[in-house]
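The values are calculated or read from the model by the stated rules, or taken from the named source; none is laboratory data. Keep in mind it's a predicted model, so treat the numbers as computed, not measured. Reconstructed Cβ throughout: ideal geometry from the backbone, glycine too, with neighbour counts over all protein chains shown. Please note that ligands, DNA and RNA were not included when accessible areas were found on the heavy atoms of the full protein model with its side chains. Shrake-Rupley method; radii C 1.70, N 1.55, O 1.52, S 1.80 Å.
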Amino acid sequence: VEVVVARFEEDVTWCAARRLNCTVYSKQALPEGGAGGAAARAAAAAGAVRWRPLPNVGRESHTWLHHIVSRWDSLADTTVFMQGSPWDHLPPGFTVETYVNASVGRRTFLPLTAMATSDLRGLAFRDGYAPFAPFTGSLLDAARWPERNARRLPVLLQHLGDWGGGLREWLNKSAVAVPSRRLDAGLSVLNQPLEWVMRRSLEQRAPTLRRFWRTYMGGRAPDRLYHAQGAQFAASRTAIRARPYSFYCALLDEVLAHPDPVASYYLELMWWYVFGGEAAEAAAAAA
């Protein structure tokens, strides 16, 4: 298992401290001084962490795609993709080691933590992701949040297990029965547009997410896209190579077209589908 880390300003000495097989793609130079910089350099010198510089473009999607394309012939059996500071995007009780250990022998390990409608006008979150900005956008109002969102709380507080993704047997302990792929248990999707994504799409004169899907994935995008916030997941070499090398090259070119491309935000909603997770979920549901 190889852990691939997308770093900007974060202190990633946790990679060496955990004795993980890490490749860190750094989009900012290591700090010259201080204990963090010294520890990072010592870890790199000892071979505990491999450091690779990358231009600061394309967010984590650029990092993931660069790694896949550049390492196509030498991908690890399983690759775990993590942010430089992964903690804010880990489900409660999960660690980086959870992904490393649970991914062995799996096609993918991608705990689904949120859902966005493919028109970017609706959201739902698992417990732990609201009411924190930027995900709640204009809904964030510390004084009146409980009052304004009382009817939305059942959606916001769904247990992670209700989202499926291979964890249903472990974690589906919620009293609220919500099917993995459909929010039709009397609950409404949060009526909150993904404004930060829509704004970038307009500014960049980019295609909509649905058109982006048709271009790269083919066919019609699902009405609801289940995803892992922060784009943290594990994928086997088999899952990655189920799509051709040219597919990832085309996506890499897409995210390199702009320093902060909307395509990167689209991909955060799509990785589960890129690696065939929905097919595995459908098979599990049928069984």
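Under the Karplus relation 6.51 cos²θ - 1.76 cosθ + 1.60, θ = phi - 60°, what is the ordered set of whole-Hz ³J(HN,Hα) values for the range 11-25, x standing for Gly and Pro?
7, 9, 5, 4, 4, 5, 4, 8, 6, 8, 7, 10, 10, 9, 9
Taking the full set of protein chains and a 1.4 angstrom probe, give the accessible area of Arg59 in square angstrom, rounded to the nearest 10.
110
Which net charge results when you count Lys and Arg as +1 and Asp and Glu as -1 among the other residues whose beta-carbon is under 13 Å from that of Trp196? Intermediate results must be reported in sequence, preceding the final value.
Numbers: positive: Arg59, Arg199, Arg200; negative: Glu195, Glu203, Asp260, Glu268.
Here the count lands on -1.
Could you compute how much accessible surface Cys249 exposes when probed at 1.4 Å, giving the result in Å² to the nearest 10?
Roughly 40 Å² of Cys249 is accessible to a 1.4 Å probe.
Between His89 and Thr208, with labels modelled 7 Å along Cα→Cβ, what's the label distance in nm to one decimal, could you check?
2.6
Pull up all non-local amide H partners of Asn21: gap of 5 or more, or a different chain, and H-to-H distance under 5 Å with H placed in the peptide plane.
When sequence neighbours closer than 5 places are left aside, the close amide H contacts are Val3.
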